[in-house]
Amino acid sequence: MIYRLQERYGVAKTGDLVDMLGVSPGTVTNTIERLEKMLLVIREPYKGVQLTEKGKKIALNIIRRHRLLERLLFDILGVEWCKVHELACNLEHWINDYVAKKIEHILGFPKKCPHGNPIPTEDGKIFEEVEHPLFEVNVGERAKISRILKEEGATLSYLEGIGVEPEKIIEVMEKSPLNDLIIIKVNGGARTLSREVASLIMVRKT
Ligand SMILES: [Zn+2]
Ligand SMILES: [Zn+2]
């Protein structure tokens, strides 16, 4: 979860970890202290937590298993796009590196999960593209959706419903900085998104 928050915001705030994990603040604080003693994270006062190199290596290994499982569930088993993340969250702890490698092989070495997020290689490398949050695209510009950073079911089923998926082309029609809203053209229709949601959608400018 720390890795995922770092992907989004550069740093993982304790409050966000509490929300995402659905546990008490005390549990998060204790766990962070434990991870710090194990030299897996560093704490920056008033900012949050960041993974050390050692911590990042472990996180990438779990992320790899998670994203490969998502591909397996989606491509082979036909599980819905908005449901694979939650299932993979449970299954990722039950497979080892050997099984992950077998999945990778049978799927033909996929580069991304069904939500467009990159799959780390066996030796812990991750390919990051030059991307921008959707909210940063200027009015009148077109962009291609590359990845959705938040993979929780409710967000995804909403986005799927309006046609916001990786590789789709969108155009920014209007932005109102005061209301923090963005109106985009997708699938031929106009859709309004909040800044919060638009910041979770990464795009490549076309
Ligand atoms: Zn996921
Ligand atoms: Zn995913």
Phe127 accessible area, nearest 10 Å², 1.4 Å probe?
150
Trypsin sites (Lys or Arg not before Pro) within the stretch 94-157: DSSP coil, no more than 16 neighbouring Cβ in 10 Å
Lys111, Lys125
Can you list the lysines whose alpha carbon sits under 16 Å from that of Lys47, skipping same-chain ones fewer than 8 residues off?
Lys13
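So, for the chain, what is the accessible surface per residue at a probe of 1.4 Å, expressed in square angstrom?
The answer is 56 Å² per residue.
Ignoring any ligand, DNA or RNA, what whole percent of the accessible area of the chain comes from carbon and sulfur when the probe is 1.4 angstrom?
56
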At 1.4 Å probe size, with no ligands or nucleic acids counted, give the accessible surface of Glu141 in Å², nearest ten.
60
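About the Cα centre, and with charges only on the beta carbon of Lys, Arg (+1) and Asp, Glu (-1), how big is the dipole of the chain? Nearest 20 debye, please.
About 340 debye.
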Looks like the chain, by Cα gyration tensor root eigenvalues a ≥ b ≥ c and the a/c under 1.5 rounded cutoff (else prolate when a/b is bigger than b/c, oblate otherwise), is oblate
Expected max-MSF residue from Lys83, Lys13, Lys54 in the GNM of the chain (alpha carbon, under 10 Å) is Lys54
Under the 0.36 nm per residue contour assumption, what length would be gained going from the current alpha-carbon distance of Val18 and Lys102 to full extension?
26.8 nm
Label-point separation, Ile169 to Asn187 (7 Å along Cα→Cβ), nm:
1.8
Given Lys101/Lys125; Lys57/Lys83; Lys112/Lys175, the pairs whose alpha carbons are separated by over 25 Å
Lys57/Lys83; Lys112/Lys175
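The values are calculated or read from the model by the stated rules, or taken from the named source; none is laboratory data. None of the values given here were measured: they were computed from a predicted structure. Reconstructed Cβ throughout: ideal geometry from the backbone, glycine too, with neighbour counts over all protein chains shown. For accessibility, only protein heavy atoms count, side chains too; no ligands or nucleic acids. Shrake-Rupley method; radii C 1.70, N 1.55, O 1.52, S 1.80 Å.
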